[in-house]
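Working notes, beginning with the structure itself.
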Amino acid sequence: DPRGLYICETGDKKSNLQVHYRMCQNCIEVDAPTISGIVIADVVATLFLAVAVYCITGHDRGHTSRASDRQNLISNELYQ
């Protein structure tokens, strides 16, 4: 238990240090495998979301034609 009053004496100088130490009761120890698991899960979830968005909106699903800004020319000599 590191709590308490620490005194440092050097020659004629005297310094005091009060240490307060509080344990976290709901803390989780995070080590390297835990962090790497979180990062890998985040990357996999992001890729899954990107593929899902691409599959829903990214490619044509057999629509025959779409509206166009071009106008078809009429094959009539009067309008040429």
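Before moving on, here are some points about what is shown:
- Extension reserve of the Ile56-Asn16 stretch, reckoned as 0.36 nm per residue once the Cα distance is removed: 7.7 nm
- Heavy-atom SASA rank of Arg22, Arg3 (probe 1.4 Å, accessible area, largest first): Arg22, Arg3
The values are calculated or read from the model by the stated rules, or taken from the named source; none is laboratory data. It should be emphasised that the depicted structure is a prediction, and the values quoted were computed from it without experimental measurement. Ligands, DNA and RNA are excluded from the accessible area calculation, which covers all protein heavy atoms including side chains. Shrake-Rupley method; radii C 1.70, N 1.55, O 1.52, S 1.80 Å.
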